[in-house]
1. Through the Karplus equation 6.51 cos²θ - 1.76 cosθ + 1.60, θ set to phi - 60°, convert the phi angles of segment 269-286 into ³J(HN,Hα) values in whole Hz; use x for Gly and Pro.
2. Near the amide H of ARG167, under 5 Å away, which other amide H atoms are found, from residues 5 or more places off or on another chain, if H is placed in the peptide plane?
3. Round to a whole angstrom and tell me the spacing of the C-alpha centers of segment 153-205 and segment 81-98.
4. Taking all protein chains in place and a 1.4 Å probe, what share, in percent, of the accessible surface of segment 85-169 do carbon and sulfur account for?
5. For the chain, calculate the relative contact order in percent as a whole number, restricting contacts to Cα pairs under 8 Å that are 6 or more residues apart.
6. Mind computing the radius of gyration and Dmax over the alpha-carbon atoms of segment 188-324? Å is fine for both.
7. For the full complex of protein chains and a 1.4 angstrom probe, list TYR159, TYR121 by accessible area with the highest value first.
8. Considering only protein heavy atoms, with the full assembly of protein chains and a 1.4 angstrom probe, order ARG221, ARG281, ARG157, ARG323 by accessible area, largest first.
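The values are calculated or read from the model by the stated rules, or taken from the named source; none is laboratory data. Since the structure is predicted, the reported quantities are computational estimates derived from the model, not experimental observations. Using ideal geometry, Cβ is built from the backbone for each residue, glycine included, and neighbour counts are taken over all protein chains shown. Calculation scope for accessible area: heavy atoms of the full protein, side chains included, ligands and nucleic acids excluded. Shrake-Rupley method; radii C 1.70, N 1.55, O 1.52, S 1.80 Å.
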Amino acid sequence: MRVLVTGGAGYIGSHFVRLLADEQIESVVLDNLSAGHRDAVPPNVPLVCADVGDRGAVRALLGEYQPTAVVHFAGLIQVGESVRAPDLYYGVNLVQTLAMLEELTRGGVQLMVMSSTAAVYGVPQTVPIPEDHPRNPINAYGATKLAVERALQDWERAYGLRHAALRYFNAAGAHPSGTLAERHDPETHLIPLAIDAAIGRRGALTIFGEDWPTEDGTCVRDYIHVQDLATAHLQALRRLEQGAPSMTLNLGTGRGISVREIVDSVQRVSGRQVPVQQGTRRQGDPPRLVACASLAAEALGWKPQRSEVDQMIEDALRSRLARE
Ligand code: UDP
């Protein structure tokens, strides 16, 4: 197996590439480095620096490295930004992905694992959320991911591309070695912002709404360790390779954690106070997103191993302290 990893220089992608290397599986990374980091890719893994929609670059890469499968992490991921600039999201997450798919199909790639998201569900009618819950995204980020999921179903019928669409809940934590990290610029995600506030690298954390219909009034999410996500991708890929039919799976723990509970954990693990200030609700935020996680356990034989909240915060803190 040789794997093309798009977005392999990014947060989740780089953890997956590291896992492939640990398993002695060859990979090639396609990343435009708009959000990824060259130093997150191991030196012996080829990195092609181009957009996923750059057909010439994709064609050349397929010719040179002849991957047998693709794991597609590349894309834009910020809920708030997607509401303000949907054109960007449709352009990158959908149009460019479709261009790449066309090249992959021509190049004979038959297997694909894609990053999808809990945002495809919109405001859930039931929590925990099973995979067959109605998909009603309330932001362009979720809408574009859902559009790609649907395209993949059509591609499979027409061209036989088998796939796994993995709907992540909230990725968290970092490689236990501290050598890989969540590094977004600007950073918009809760855990790195809360840690940076605790260690004095930025000012108070703004809590986006404390009047939500949840236990403590703050939003509830299902945080899953990035290492557990990486493992699920590899298991999905292996299942597809063995001939498993296409699958759509939630990747979460099944347990909800509020913004306040994250702040408490950061304080516990770091031994520092997290300065907070009250903010207004963020557009496009559902109050509660928690996975029904049983299908992934069944289909992949997968169970999160490192997703206890304090463990995730400890790993995230270590990786942030390792970087000046
Ligand atoms: N959040 C917050 N303050 C911040 C960033 C995030 O209160 O500065 C909240 C956000 O409203 C959401 C949760 O933290 O309920 C997780 O947000 P994040 O952006 O990390 O991930 P998302 O759920 O949007 O994928």
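1. 3J(HN,Hα) across segment 269-286, in whole Hz: 6, 8, x, 10, 6, 9, x, 10, 9, 7, x, 8, 4, 8, 4, x, 8, x.
2. Placed amide hydrogens put SER116, LEU249, ASN250, LEU251 under 5 Å from ARG167.
3. Here the answer is 18 Å between Cα centres.
4. Ligands and nucleic acids excluded, carbon and sulfur give 54 percent.
5. Reported as a whole number, the value is 19 percent.
6. Cα radius of gyration and Dmax of segment 188-324 are 16.8, 51 Å respectively.
7. Details: TYR159 125, TYR121 0 Å².
Per-residue accessible area, sorted high to low, gives TYR159, TYR121.
8. I get ARG157, ARG281, ARG323, ARG221, largest accessible area first.
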